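The values are calculated or read from the model by the stated rules, or taken from the named source; none is laboratory data. Given the structure is predicted, the values throughout are model-derived calculations rather than measurements. For neighbour counting, all protein chains shown are included, and Cβ atoms are generated from backbone atoms with ideal geometry for every residue, glycine included.
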Amino acid sequence: MIARFAGSQDGNLISGENLVMTGAGFGLLSLWLASFARRRHAKISHSLGIAGACVSAAGLAWLYFNQQASITASPELLVMGVAAVSLVFAKLWRTPFLLHISAFLMIGWTSYVFLNAQISDFVWMFPALWAVQMFLAMDSRIKRTAALSVFTGLYWIGVNLLLLA
């Protein structure tokens with residue numbers, strides 16, 4: 001239903017119905033991963049699958065509200081705001097799940113910046129959120145969360161080096 005209302009016919013592969021279908025496919029794939037991991041008692045994969053589905057749902061909701069309901073919000077500011085809020089709740093509830101959501105949102109934001117082929121106006125927010133994310137990952141002593149945070153930082157550095165060249 002969201003694809004019908006938010007989709008556009010402008011032919012751009014990175015917007016409209018193609019973006020909605022890709023986001024929905026990512027969400028369904030993430031839910032399948034979570035279901036498969038739960039049956040196998042793989043806690044890490046289950047957490048990553050649920051985090052991916054949450055990110056997909058947030059992206060689809062933003063697309064719907066931005067294109068159908070005409071509520072304009074900068075996607076970069078929205079994504080980084082949700083990542084910051086998830087870091088606050090991760091500290092309060094001491095859960096790695098919200099740290100994973102924050103990391104996936106930051107990876108998604110970096111991918112969005114790369115697809116737009118220009119450095120964001122909010123480029124300064126990433127290192128600040130990444131530092132908090134690494135601090136919380138090290139504080140909780142969960143190696144997979146720290147590894148995901150390291151990957152997120154390296155991915156951001158790589159994308160920005162490509163955009164600066």
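State yes or no: is THR110 under 24 Å from LEU31 (Cβ atoms), surrounded by fewer than 19 Cβ atoms within 10 Å (Cβ to Cβ) and either assigned by TED's automatic domain parsing to the domain that holds LEU164 or touching a Cys at 6+ places or on another chain (Cβ under 9 Å) (or both)? Explain how you work it out, then say what you get.
Values: under 24 Å from LEU31 (Cβ atoms): yes; surrounded by fewer than 19 Cβ atoms within 10 Å (Cβ to Cβ): no; either assigned by TED's automatic domain parsing to the domain that holds LEU164 or touching a Cys at 6+ places or on another chain (Cβ under 9 Å) (or both): yes.
Answer is no for this residue.
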Expected single match for under 24 Å from ALA61 (Cβ atoms) and surrounded by 14 or more Cβ atoms within 10 Å (Cβ to Cβ) among VAL132, VAL79 is VAL79
Could you give me the residue pairs with C-beta distances under 9 Å whose first residue belongs to the range 27-41 and is not assigned by TED's automatic domain parsing to the domain that holds HIS100, whose second residue is in a helix (DSSP H, G or I) and exposed (fewer than 14 other Cβ atoms within 10 Å of the Cβ) wherever it lies, and which are 6+ apart or on separate chains? ALA37/LYS43
State the number of residues belonging to the range 115-132 that are touching a residue at least 24 places away in the same chain (Cβ under 8 Å) and either outside any helix (DSSP H, G or I) or small (Gly, Ala, Ser) (or both). 7
Taking the range 85-107 and keeping residues of a type in the set (D, E, K, R) and either crowded, with 18+ Cβ neighbours inside 10 Å or in a helix (DSSP H, G or I) (or both) leaves LYS91
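Farther than 21 Å from ALA34 by Cα and assigned by TED's automatic domain parsing to the domain that holds ALA24: which single residue out of GLN133, GLN68, GLN118 fits that description? Walk me through how you get there before you give the answer.
Values: GLN133 fails: assigned by TED's automatic domain parsing to the domain that holds ALA24; GLN118 fails: assigned by TED's automatic domain parsing to the domain that holds ALA24.
Step by step, each of GLN133, GLN68, GLN118 is checked, and only GLN68 is farther than 21 Å from ALA34 by Cα and assigned by TED's automatic domain parsing to the domain that holds ALA24.
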Near pairs, Cβ below 7 angstrom, 6+ apart or cross-chain, from the range 44-61 (closer than 16 Å to ALA83 by Cβ) to any residue that is of a type in the set (D, E, K, R) and outside any helix (DSSP H, G or I): none
Only one of (1) in contact with a helix residue (DSSP H, G or I) (Cβ under 7 Å, 6 or more places away or on another chain); (2) under 25 Å from GLY27 (Cα atoms); (3) not assigned by TED's automatic domain parsing to the domain that holds THR22 fails for LEU60. Which number is that? (3)
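Condition check ((1) over 23 Å from MET138 (Cβ atoms); (2) modelled with pLDDT of 80 or more; (3) within 12 Å of the chain's Cα centre (by Cα)) across all residues:
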{"position": "ALA24", "(1), (2), (3)": "yes, yes, no"}
{"position": "PHE36", "(1), (2), (3)": "yes, yes, no"}
{"position": "GLY59", "(1), (2), (3)": "yes, no, yes"}
{"position": "SER74", "(1), (2), (3)": "yes, no, no"}
{"position": "LEU77", "(1), (2), (3)": "yes, no, no"}
{"position": "ILE101", "(1), (2), (3)": "no, yes, yes"}
{"position": "LEU105", "(1), (2), (3)": "no, yes, yes"}
{"position": "THR110", "(1), (2), (3)": "no, yes, yes"}
Would you be able to say whether some residue in the range 138-153 is touching a Ser or Thr at 6+ places or on another chain (Cβ under 6 Å) and modelled with pLDDT of 80 or more? no
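Take the conditions crowded, with 18+ Cβ neighbours inside 10 Å, among the hydroxyl-bearing types (Ser, Thr, Tyr) and either in contact (Cβ under 8 Å) with a residue 24 or more places away in the chain or over 18 Å from TYR155 (Cα atoms) (or both) and apply them to SER140. Does it pass?
On the way: crowded, with 18+ Cβ neighbours inside 10 Å: no; among the hydroxyl-bearing types (Ser, Thr, Tyr): yes; either in contact (Cβ under 8 Å) with a residue 24 or more places away in the chain or over 18 Å from TYR155 (Cα atoms) (or both): yes.
Answer is no for this residue.
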